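Engineer: Attaching a single structure in structure tokens format; questions to follow.
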Amino acid sequence: MKEAALLIFGADAMRVALKRQDIIATIVGPQGEDEMRLTRIPAAELRKDGALLLDAIKAQGFFPGPRVAFVEDATDALAKVIGPALDEWREGDAQVVVSAGALRKGSALRKLFERQPGRRALGLYDDPPSRADIEADLKRAGMAAVSAEAMND
């Protein structure tokens, strides 16, 4: 069984967004969004219409391939909406990716993901990148020849 859902959370919104982009791209591939295999659901919209997530999970795409239902900027208040939708997930449905800000250990949202099979939670904590991490990121971006002066700033 593939993972039904993943929660990505952390205080650094940019790190959460970058990790979320990487994971979604890994699932749906480079053409996934163009092929309408990615459904974005802002938390504010899900608060207004709780059926949006389940509809996205169960929707059938026009193009073959894995699908993702992405809930952006979720809070604990949405746990009561997200939980029942995840309980309805079956093999072949869209995988769910939820992003959130900092969540404490006892958070209702974390409990939905940490205590259920087929669901995972990924916490991104404040840990500044090392020089090696920065150099590796620059190399991946095609900027391997960065001056020592720039690296020291």
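Engineer: Confirm whether Asp34 is over 13 Å from Leu109 (Cβ atoms), assigned to a helix (DSSP H, G or I) and of a type outside the set (A, V, I, L, M).
Structural biologist: Working: over 13 Å from Leu109 (Cβ atoms): yes; assigned to a helix (DSSP H, G or I): no; of a type outside the set (A, V, I, L, M): yes.
No, not satisfied.
Engineer: Does Val97 meet the test of being buried (at least 19 other Cβ atoms within 10 Å of the Cβ), closer than 13 Å to Leu112 by Cα and at pLDDT 95 or above?
Structural biologist: yes
Engineer: Scan segment 37-81 for residues that are under 22 Å from Ser107 (Cβ atoms) and among the aromatic types (Phe, Trp, Tyr) and jot them down.
Structural biologist: Phe70
Engineer: I'm checking my understanding of the structure. Among residues of segment 1-37 that are among the hydrophobic types (A, V, I, L, M, F, W, C) and without any contact (Cβ under 8 Å) to a residue 40 or more places away in the chain, which one is surrounded by the fewest Cβ atoms within 10 Å (Cβ to Cβ)?
Structural biologist: So the residue we want is Met14.
Engineer: Which one of these is in a helix (DSSP H, G or I), over 28 Å from Gln95 (Cβ atoms) and not basic (Lys, Arg): Ala132, Ala144, Ala136? Walk me through it before giving the result.
Structural biologist: On the way: Ala144 fails: in a helix (DSSP H, G or I); Ala136 fails: over 28 Å from Gln95 (Cβ atoms).
Among Ala132, Ala144, Ala136, only Ala132 is in a helix (DSSP H, G or I), over 28 Å from Gln95 (Cβ atoms) and not basic (Lys, Arg).
The values are calculated or read from the model by the stated rules, or taken from the named source; none is laboratory data. Just so it is clear, the model here is predicted, and its values are computed rather than measured. Neighbour counts are summed over all protein chains in view; Cβ atoms, including those assigned to glycine, are modelled from backbone coordinates with ideal geometry.
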